[in-house]
1. Gain in length, Ser90 to Trp4, computed as 0.36 nm per residue apart minus the alpha-carbon separation, to one decimal in nm?
2. With Cβ to Cβ distances under 10 Å as the rule, what net charge do the other residues near Leu34 carry (K, R +1; D, E -1)?
3. Once each part is reduced to its C-alpha centroid, what is the distance from segment 121-135 to segment 47-112 in angstrom?
4. Roughly what % of Cα-Cα distances in the chain sit above 22 Å, to the whole percent?
5. For every helix of n ≥ 4 consecutive DSSP H residues, a contribution of -39,500 (n - 2.57) applies; sum these over the chain, divide by its total residues, and give [θ] at 222 nm rounded to the nearest 500 deg cm²/dmol.
Amino acid sequence: MRYWYFASTLPGFLFGAQPPFSEAEFLGRCEHLLDPVDYAEIESCVDRLLALGEPLPTQSAFLGQFIAWERSFRRQLAMLRAQAAGKDFSRYLIGFALAEGAVQAAASCFASTDPYQAEIAFERERWSAAERFSVFSTFDLDFIAAYRIKLNVACRLARLDKARGVAGYRRLYDEILGGAPGAVETLTSGAQA
């Protein structure tokens, strides 16, 4: 189904920009303007990304591709983190096919040593995948689903607050290592002060 009017009224925005409206406001618009079955798919698409087990079938070809890519991306990132921690992750990869580009995207995120920059890189990879998989989508359910994913990325980035993150890091650091004998003060980059 085509949503000529609705898709043409959605404001464009770039990665890192403030979202044009909240996800709740977007879903409210979708509820009024989309077919109920299409609305249900758009409403649940972010939850489907994190669902355990096999993903449910989708009406949107874009959403099916994106879910497969994101699950593969997250799994690859978890594997890299497990390897770095000396944990065996191989049993979780049995029977799991990696989506194209997921290995490189995960490696790019994992390479960042700054937690804030790692989160930015994580969301940049998600944004790029959404754009890549929806490049030929116009005025249809795929376009609306891709918009929902990118809005989710933009809203998450807007919630990330570096100062609050540094304060949380400092609090955890103090709780864990602050009382340890011989603990060394570090800067947020991990360098010793």
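1. 26.3 nm
2. For residues surrounding Leu34, the net value is -4.
3. 14
4. The calculated P(r) of the chain puts 56 percent of pairs beyond 22 Å.
5. Counting only the DSSP helices, I get -19500 deg cm²/dmol.
Just so you know, all these numbers are worked out from the coordinates, no wet-lab data involved. Please read all numbers here as calculations on a predicted model, not as lab measurements. Heads up, the Cβs are rebuilt from the backbone with ideal geometry, glycines too, and the neighbour counts pull from every protein chain shown.
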